[in-house]
Amino acid sequence: SSGPVHTPNKPHQHNMKCGGSRRWVVGGLASATILSAVCGASDVTITAGVPTVVVKTTRAAQFVFFPQTLHWVGSQLLLSYQADSDGLHDDGWTGATYGSGDNGTTWYPIALPTPATPHYLVKPCVDLPGKAALCFQYPLRRPASGFGAHTNAVLPGHVFSPGPDGRLLLGKTVNASLTFPAAAALKEWGNHTYMMVTDGTVMPLRDGSIMMLLYGDYLNETQPKAAGYSIVAVRSSDLGKTWAFRSTVSHGQPSPCQQPSEHDCTRLASGNIYCVWRSEGTNQPLCSSTSSDEGLSWSVGGPLHANSPPPPPPPPSPPPPPPAPVPAKCAAAMDTFCSNVTANSRCVDATERWYGAAALPMRGLFGPPCLGLTCPTDPTDHNCSCSIGGGDWGWRCYSVLALDPTRSAWSNQSRHPNAYCSECGPALESIYHECTGKVWPTPPPVPPTPSPPPQLPTTPFGVEPKLVKLSQSGQLVLSTGRTGLWVWVADDPPTAGWTPFNLAAHHNAVVADPSLRFTSDNPTTSGTTSYTGLVAVPGTDDVIVSYDRLANGWNPAPYPSAVSAIFTVRISISPTL
């Protein structure tokens with residue numbers, strides 16, 4: 001199947017450098033975001049457009065989350081999301097489906113045959129003749145005759161095809177049958193449901209058949225749920241009507257790949273089938289395995305390759321050079337000021353009242369700090385001294401120019417609040433000019449050093465990975481997350497690592513409505529499920545990604561005060577010029 005080609009709007013630029021020096025440079029709102037990167041993939045520029053709202057909360061107690069499916073049905077794009085709470089639904093998972101005929105720019109709800117027709121979450125799809133698709137529900141179900149030996153299962157699917165106006169329609173239901181050997185008998189989950197579910201992409205095989213991957217538990221599995229999950233390959237030679245067990249893709253792998261579940265696959269340029277899967281979940285690395293014999297056997301799983309390691313941190317800055325000695329002209333000016341009690345006593349007294357009788361002397365204004373300060377007990381005697389760093393000049397009065405935050409040593413990096421007071425200003429201005437040749441006040445303080453940019457991840461991680469291969473460059477694109485939402489780009493094969501793009505940060509930079517932004521550029525499960533859908537746009541090096549933004553975690557949004565929403569965004573990957 002193919003979709004129409006569309007040129008992204010004028011871009012808005014994010015620049016990124018890899019390793020420890022990665023950084024984001026964000027301008028104002030615009031129609032797209034560009035990220036330039038040199039990391040795991042060849043030099044690439046990632047251009048992301050403005051996200052489109054597919055659907056958002058319109059009533060109380062409405063679930064709008066887990067957008068797990070994007071699939072081309074001819075030139076129409078199909079999106080399915082979950083409309084039920086997260087957990088076992090023994091009668092099937094309720095969902096909703098939307099279609100787009102313009103590459104995700106606008107969306108419409110897919111029409112049902114009748115208002116009473118149940119609407120289910122659908123996941124992998126089989127392309128059918130006539131620009132139609134058979135899209136399967138989430139769990140495998142027991143046959144009408146019962147579980148029996150746990151080696152036979154039913155998988156309901158729904159046919160989507162374009163209507164007279166070109167828009168997708170939901171058509172008939174097809175109950176596919178699946179068979180498993182006794183050694184791969186399936187475990188029960190509910191009264192009508194097996195603990196084996198669909199995910200990922202239906203892969204065409206070289207002999208004309210198709211392969212689909214499932215994940216869940218075998219009947220003889222003794223480990224707890226998740227820890228004992230297996231990824232299973234099944235094959236069909238009749239466009240998805242019947243399926244037979246083909247192989248176990250992953251089970252009992254070495255850590256950190258020991259809990260395989262959600263997954264997706266593509267075919268590499270070598271001809272091998274390359275599959276990526278979730279292991280454990282939040283902030284845990286994704287893992288992968290390959291097959292060189294059309295899914296009959298698989299390599300030992302391992303975590304995805306990291307991109308180029310960050311450079312070592314820069315060496316610490318050398319200490320500043322010691323200040324130059326106070327010139328004689330400066331010392332004379334201070335002596336004159338300090339000795340003129342009649343003219344300057346109010347300034348001295350004002351400073352003393354601010355700091356108390358043991359106030360610090362003037363010397364620190366232009367010289368090294370005074371340590372070990374001692375002052376006479378007589379508050380009218382201003383001849384204080386230093387045990388370290390002292391001298392014969394400048395110790396007969398107090399300065400109001402600067403004091404460090406500990407109030408234990410002088411600094412000329414900040415100004416005391418009395419610096420401009422009427423008692424001291426004119427005299428101090430004169431001293432400053434005599435000592436520096438400059439006009440008071442001192443130059444503006446050095447602006448604070450900005451916080452270092454957040455360190456970008458180096459290895460793909462998270463849940464529900466979606467994987468596609470671009471039709472022009474042949475590069476691989478992966479969407480995933482938790483925490484956050486990330487798109488990753490790698491060369492084929494991805495042995496040099498993956499280049500990250502922070503989709504949540506991009507969303508926050510360009511979505512105009514503050515109520516639809518994430519509260520963080522790295523949202524947790526309170527802000528997104530981190531489940532995505534992903535398709536490549538045929539004939540281009542573009543992808544379209546779907547994701548959710550949640551207002552109340554995995555609970556319905558408190559409509560109408562807040563809404564949850566599902567978005568899509570188009571992203572282009574091109575060589576960096």
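The values are calculated or read from the model by the stated rules, or taken from the named source; none is laboratory data. Source: prediction; values computed, not measured. So basically every Cβ, Gly included, is an ideal-geometry build from the backbone, and we count neighbours across all protein chains shown. The area values use the complete protein model at the heavy-atom level, side chains included, leaving out ligands, DNA and RNA. Shrake-Rupley method; radii C 1.70, N 1.55, O 1.52, S 1.80 Å.
Net length available on complete extension from residue 239 to residue 145 is 31.4 nm, with 0.36 nm assigned per residue and the Cα-Cα distance removed. For the peptides 50-62, 517-529, 278-290, the ranking by packing is 278-290, 517-529, 50-62, with the highest mean count of neighbouring Cβ atoms within 10 Å listed first. The slack in the chain from residue 519 to residue 85, taken as 0.36 nm per residue of separation less the alpha-carbon distance, amounts to 153.9 nm.
When each of the peptides 74-85, 266-277 is scored by how many other beta carbons lie within 10 Å of its residues on average, the order from highest to lowest is 74-85, 266-277. One chain, two ends: residue 512 and residue 268. Fully extended at 0.36 nm per residue, the span grows by 84.0 nm beyond their Cα-Cα distance.
With all protein chains kept in place, the per residue accessible area of region 39-188 amounts to 37 square angstrom at a probe of 1.4 angstrom.
Pairs 172/241; 56/172; 56/466: which are spaced more than 19 Å apart, C-alpha to C-alpha?
Among 172/241; 56/172; 56/466, the Cα-Cα distance tops 19 Å for 56/172; 56/466.
Sorting the segments 97-105, 502-510, 145-153 by their mean number of nearby beta carbons within 10 angstrom, highest to lowest, gives 502-510, 97-105, 145-153.
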